[in-house]
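Single-structure report; data block below.
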Amino acid sequence: VQLQASGGGLVQAGGSLRLSCAASGRIFSTDVLGWYRQYPGKQRELVADINSGGGTNYGDSVKGRFTISRDNAKNTVYLQMSSLKPEDTAVYYCSLKPEALSRYYWGQGTLVTVSS
């Protein structure tokens, strides 16, 4: 499984960005797709994930501002980020968790920088 993330960059506070992550390899529609972020010196934290039925989970700090979606035909997961805050500045990683396994696959990370 390979995950290729794109869409990070520099944006002003209050602005929007959309991240995309294309998956390739042994992919199933039952896989859980997600986004995590990591601050320097900290562990990765959940931003959002989405299961095959469209059910979603969001981290408390992004609820109401971020929206995760998936396109199974394109094996792609998206993260629409709105009302961005400086504290959203982090490296964002897309993830894939096969339904039957406890492991995660990770993309290469994309940097999001929100200026105040």
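The values are calculated or read from the model by the stated rules, or taken from the named source; none is laboratory data. Given the structure is predicted, the values throughout are model-derived calculations rather than measurements. Glycine also receives a Cβ, built like all others from the backbone with ideal geometry; neighbour counts cover every protein chain displayed. Accessible surface is based on the protein model in full, side chains and every heavy atom, while ligands, DNA and RNA are left aside. Shrake-Rupley method; radii C 1.70, N 1.55, O 1.52, S 1.80 Å.
Only loop residues by DSSP count here, and only those with at most 16 other Cβ atoms within 10 Å; note down the chymotrypsin sites (Phe, Trp or Tyr not before Pro) in the range 74-116 that meet that.
Tyr104
Tyr104 versus Tyr39, label points 7 Å from Cα toward the beta carbon: distance in nm?
1.7
Let's see if you can work this out: charge +1 on each Lys and Arg Cβ, -1 on each Asp and Glu Cβ, no other charges. What is the dipole magnitude of the range 27-79 about its Cα centre, in debye to the nearest 20?
180
Among all the lysines, which ones have a C-alpha under 30 Å from Lys42's C-alpha, if same-chain residues fewer than 8 places away are not counted?
Lys63, Lys85, Lys97
The range 28-67 to the range 102-116: how many Å between their Cα centroids?
Cα centroid to Cα centroid, the span is 11 Å.
Counting Lys +1, Arg +1, Asp -1, Glu -1, what net charge surrounds Gly54 among other residues with beta carbon under 15 Å of its beta carbon?
Once all neighbours under 15 Å are counted, the net charge is -3.
Determine the share of the range 16-63's accessible area contributed by carbon and sulfur atoms, expressed in whole percent, with a 1.4 angstrom probe.
46
Cut-off 10 angstrom, C-alpha nodes, Gaussian network model of the chain. Which of Pro40, Pro98, Pro86 fluctuates the most?
Result: Pro40 has the largest fluctuation of those listed.
Round to a whole number: what % of the accessible area of the range 69-116 belongs to carbon and sulfur, probe 1.4 Å? Numbers along the way, then the final one.
Numbers: 1210 of 2420 Å².
Result for the range 69-116: 50 percent of the exposed heavy-atom area is carbon or sulfur.
In square angstrom, what is the accessible area per residue of the chain with a 1.4 angstrom probe?
Values: 6140 Å² over 116 residues.
Value returned for the chain: 53 Å² of accessible area per residue.
With every protein chain present, what accessible area does Lys63 have (1.4 Å probe, heavy atoms only), rounded to the nearest 10 Å²?
120
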